[in-house]
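Some notes on the structure that comes next.
The values are calculated or read from the model by the stated rules, or taken from the named source; none is laboratory data. Just so you know, these numbers come straight off a predicted model, no measurement behind them. Cβ coordinates were reconstructed from backbone atoms using ideal geometry, including for glycine residues, and neighbour counts include every protein chain displayed. When the accessible area is computed, the model is the full protein with side chains, heavy atoms only, and any ligands, DNA or RNA have been set aside. Shrake-Rupley method; radii C 1.70, N 1.55, O 1.52, S 1.80 Å.
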Amino acid sequence: MKRVKDIDPGLSVRSLAAFEQERRILSDLGNDITGVRDKNDLILLFSKRIKSLFYFTHMIVTLIDAKDETYTPFLLDESSPIRSHAIYPELIKAHFSLDEPFIQAALRAEEPLSFLLEDIMDQPQSPSYLRANYEAGVREILMTRLMKEGKPMGFIHIYFDKRNSFSSEFRNVIKGIAPQLSGAVSNIIKNEEILKKEKEKSLLLDFSNDIATGRTKEELAFAVRAVLKKINPPGGFVIRRINEDNTTMSAYAYDLTKMHDPKVIKALEQAKYPINDGLQDRVLDSPIPLLFNVDREIQRGITSSYLPYWKVMGFKEIVGIRLRNGETNHGILFLDIQEINVQLLQGICSQISIALANIMANEQIHKKQEEQAFLLDFSSDIAQVRTKADLREAIFRVLDKTMHTQLSMIRTIDEDGYNMSPFIYDETLFERAKTHFAELLANRVTVNEIYTADVLASDDGLIFNIEEELKSGNSYARLWETTGLKNVYGLPLRVGNKNIGTIWLLADSLSKLMLKGICAQISIAIANIQANEKLLAYKKQLEVENDYLKEQIKTIYNFSEIIGNGQQMQKVYRLMSLVAGSNTTVLILGETGTGKELIARAVHNASPRKDKLMVKVNCAALPANLIESELFGHERGSFTGAIDRRIGKFELANNSTLFLDEVGELPPEAQAKLLRVIQERELERLGGKQTIKVDVRLIAATNRNLEEEVKAGRFRADLYFRLNVFPISLPPLRERPEDIGPLTHFFVKKYGRNIGRKIRKVAPKVIQQLLSYTWPGNVRELEHLVERSILLTTDDILRDVYIPQNTVMDKQDLTHLLNHSLEEVERSYIIEILRRCSGKISGPGSAAEILKIPGNTLHSKLKKLGITKKDYFG
């Protein structure tokens, strides 16, 4: 070890000179850093000043984002050799994790820390820019952390194209200027924020001036497009306004630069989107802008039709901001933007909201002025009308030109003051349902018809929502649905205080002022035509009744009448619940009178098709030569007597349920055609050539044993297999004694009310009599028996029932008994009675009482015959 006196004097002099030079460099660089005001100044400091003192290839500065625990590029060197690298555009926008071992080492280092790229670039989690630099010829990196208030705020990355080339002098200089560089970077960030805010204020001021001069939505769109291009050059936007119905929104102004398909653009322009779609309502309820990820919203189950279009246009992140003036929401601004400047966007949207409210108010004023002017012109046209043809032309013209809709129907009240006749209608509105329209047109309508009566009783008419009317079973709603419109407007036509008819219009939305004015003019015109052309007034009654709809109205069923809580019926209910929600064909099996039709209706009413009436066909009640016509329909002239086209039950049941009762009675020819329709889901009317597609859910029922019918050759095996997809077997009443009591009380209440007798009580003896009967006619026989017994009752207690004697079933049972020993017959009989009495051996309502023997005697017989609880509770 050298002693002090042995140290080379020349070495000390050189060290002192190096130290002095280093101090001078730090002093000069410190002065240079003090003058740094923006990124360009800092770039010049490194690229010119420091490079003139020390050689290195390039450098960058990155900043730490503490929230995301990442660091991102802040200052880039134009001389970087990786600028031409394929991944360079990704690198300058990337967020790199602070959890990387390489960057963690740099964070821990108190002094500049160098790494050989070949040692670290392929380590797990190493950032991709290391390999990119290596591929560009860089071999070593010097990392220096930048600190602010004792916490790391970023890094200086300095790169060298040789190994082990960072001298101690260079490291000392970088370490020495690092604190000043940290301050310079902080100042640059603050200056940029100040400039950004000033720019935003200037932008908002310019936008305010531009938008203040706008009077139309086109001018609004132009101003919004201009300001948004300044903050979000590549993105698009759409302003949606809340429609008059306050339930939907429509595009008001937009710029969809990424969509080039004119059909899609037109669809987006015309569409009405429900406010409560899970996305728009969230924006309207939020006081701040909301950022949506399009893919994530679709995955969440949001089904709004515009989301797929956004995805096609490449929108990944969408910002939604409500447009609100005071306490009133006017609409939403949707913006394709990656980063949100909340304060700026709120400032812009505040200006848009005010402008939107003003423009909408101006539009309303202009619209009312146009409507009033038009009503004057229409009044002038109507004054010249003398015939129905003139009125038809005038009405069609005004509805198309001004209201952009079509007339559905004008009906006028006949001379009898009760019936109503079609006066003018537009059949082209129902191009997709010509036959249905013709059928309903032929229906008789009176002033007491429920919808007509409501309209005539109203002051300014009524609005019927088509979707809601479909659910209620409105027979017209299926026709209205084919137009694709949302609402039906029914208005009274009056002259003074006298009703002369009704007018029906279909549209999504109509002006009340226009409707009221037009209806007043039309009313006067019709009154004039009726006065001038009494000989041409309608006298012909509506000739064609819609038999099917009348039948369904008459057979509306209250499903609370399905009685039965026993084990057997619980099995039936379980099967019904399993199959109701599907489109599976159901085959209901059971004896006569077990309630097969009620079960069929219950299955239909629990299905997705419940909003449409179930169509029923009783196959046993139709003549063999008319079954095909009834099921599949016929064309005019297809056979003798076919004077008109007839729609078959399959067509009537399209998108609903067809119930084929007593399907086992179908003749072989009809079975073959039925099989084809089930298989192909299409049919042809008798005498017709057109193939008609149908979507029908089949429910069939029979009291026959179809398997035996197939074996006997009376029923097609392939049709049986098609129908027997999901069989439900209904138990006969004799197998569900626990339901006899509830059924009896139900029928007593029902027929007591119908007949006008109040039956207060059913005697216990009656229930025992009913329990002891075998019920070959099942529930239907019980119902008729109760009705007859009520008629024969003289007071308020049902004391007797009149059970038939010596029935065919009794004779069959007797023949069966002859094949067994007396002891077997006795044993079976006692078990059956115990089952009917729910296992009660003695006392009131017991098996002993029915058998008319003492309870002890019955106990002895049970022991003798080996009857246990398992036999009658099993």
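A cut-off of 5 Å between modelled amide H atoms, ignoring neighbours fewer than 5 places along the same chain, links ASP508 with LYS486, ASN487. A simple spin-label model places pseudo-atoms 7 Å from Cα toward Cβ; at PHE222 and GLU826 they are separated by 11.0 nm. If R0 equals 25 Å, the separation of the Cβ atoms of ASP454 and ARG788 corresponds to a calculated FRET efficiency of about 0.05. Overall dimensions of the range 616-678, expressed as equivalent-ellipsoid semi-axes from the Cα gyration tensor (√(5λ), whole Å, largest first), are 18, 15, 10. Distance distribution note for the range 457-537: the fraction of Cα pairs above 19 angstrom is 46%. For the chain, the longest principal axis of the C-alpha atoms and the axis of helix 512-532 are separated by about 40°. Couplings for the range 855-864, taken from phi via the Karplus curve 6.51 cos²θ - 1.76 cosθ + 1.60 with θ = phi - 60°, read x, 4, 4, 5, 4, 5, 5, 4, 5, 5 Hz in order; Gly and Pro are left as x.
Please work out the FRET efficiency for the pair SER838 and ASN724, using the Cβ-Cβ distance as r and a Förster radius of 45 Å; give the result to the nearest 0.05. Approximately 0.85, to the nearest 0.05. Scaled to the globular estimate 2.2 N^0.38 Å, the Cα spread of the chain, given as radius of gyration, is 1.54.
Taking the Cα centre of the chain as the origin, how large is its charge dipole in debye, to the nearest 20, when only Lys and Arg (+1) and Asp and Glu (-1) carry charge on their Cβ atoms?
Using only the charged Cβ atoms, the result is roughly 1560 debye.
Using the Cβ-Cβ distance between LYS861 and ARG714 with R0 = 51 Å, the FRET efficiency computed as 1/(1 + (r/R0)^6) comes to roughly 0.65.
To the nearest ten degrees, helix 388-398 and the longest principal axis of the Cα atoms of the chain are 30 degrees apart.
Protein-only accessible surface at a 1.4 angstrom probe places the residues THR34, THR857 in the order THR34, THR857, largest first.
Computed 3J(HN,Hα) for the range 109-126, one whole-Hz value per residue from the Karplus formula 6.51 cos²θ - 1.76 cosθ + 1.60 where θ = phi - 60°, is 6, 7, 10, x, 10, 9, 9, 7, 4, 5, 7, 10, 5, 9, 6, x, 6, 5, glycine and proline marked x. Solvent-accessible area of SER638, all protein chains in place: 40 Å² (probe radius 1.4 Å, heavy atoms, ligands and nucleic acids excluded). Calculated mean residue ellipticity at 222 nm for the chain: -14000 deg cm²/dmol, from DSSP H runs with n ≥ 4 weighted as -39500 (n - 2.57), summed, divided by the residue count and rounded to 500. Between GLU481 and GLN567, the modelled label-to-label distance comes to 4.3 nm, taking each label 7 Å out from Cα in the direction of the beta carbon. Largest accessible area first, the listed residues ILE194, ILE242 line up as ILE194, ILE242 when surface is computed with a 1.4 Å probe on the assembled protein chains.
Please work out whether the range 132-283 counts as rounded, prolate or oblate from its C-alpha gyration tensor, where a ≥ b ≥ c are the square roots of the eigenvalues and a/c under 1.5 means rounded, while otherwise a/b larger than b/c means prolate and anything else oblate? Prolate shape, in that a/c is at least 1.5 and a/b is the bigger ratio. Under 5 Å between amide hydrogens, built in the peptide plane, is the criterion, and for SER772 it picks out nothing among residues at least 5 positions away or on other chains. Against the main long axis of the alpha-carbon atoms of the chain, helix 9-34 sits at an angle near 50°.
Between amide H atoms placed 1.01 Å from N, distances below 5 Å from GLU140 occur with LEU117, PHE160, LYS162, all of them 5 or more places distant or on a separate chain. In plain terms, the chain from ASN465 to THR387 could stretch by 24.8 nm, reckoned as 0.36 nm per residue minus the Cα-Cα distance.
Would you please classify the overall shape of the range 709-812 from the alpha carbon gyration tensor, given that a ≥ b ≥ c denote the square roots of the eigenvalues, rounded means a/c under 1.5, and beyond that prolate means a/b larger than b/c while oblate covers the rest? Prolate. Given axes a ≥ b ≥ c from the Cα gyration tensor, I'd like to know whether the range 116-175 is rounded (a/c under 1.5), prolate (a/b larger than b/c) or oblate. Cα axes put the range 116-175 in the oblate bin. Note on SER379: accessible area is roughly 40 Å² with a 1.4 Å probe, heavy atoms of protein only. In plain terms, the chain from ARG681 to THR435 could stretch by 86.5 nm, reckoned as 0.36 nm per residue minus the Cα-Cα distance. Checking every one of the trypsin sites (Lys or Arg not before Pro) in the range 671-734 against DSSP loop status and a limit of 13 other Cβ atoms within 10 Å picks out ARG681, LYS689. Of the chymotrypsin sites (Phe, Trp or Tyr not before Pro) in the range 590-659, the ones in a loop by DSSP (not H, G, I, E or B) with at most 13 other beta carbons within 10 Å are PHE639.
Applying 0.36 nm per residue to the separation of LEU578 and ASP695 and subtracting their alpha-carbon distance, the gain on full extension is 40.0 nm. Here the simple spin-label model places points 7 Å from the Cα toward Cβ, and for THR640 and ARG704 these points are separated by 2.8 nm.
Based on C-alpha pairs under 8 angstrom that are at least 6 apart in sequence, the chain has a relative contact order of 6 percent.
Over the range 95-211, the ratio between the Cα radius of gyration and 2.2 N^0.38 Å evaluates to 1.41.
Converting phi to 3J(HN,Hα) with the Karplus coefficients 6.51, -1.76 and 1.60 and the offset θ = phi - 60°, the range 49-62 yields 6, 5, 5, 6, 9, 9, 8, 7, 6, 6, 8, 9, 10, 10 Hz in sequence order, with x at every glycine or proline. Of the trypsin sites (Lys or Arg not before Pro) found in the range 420-477, the ones in coil according to DSSP and having at most 15 other Cβ atoms within 10 Å of their Cβ are ARG444.
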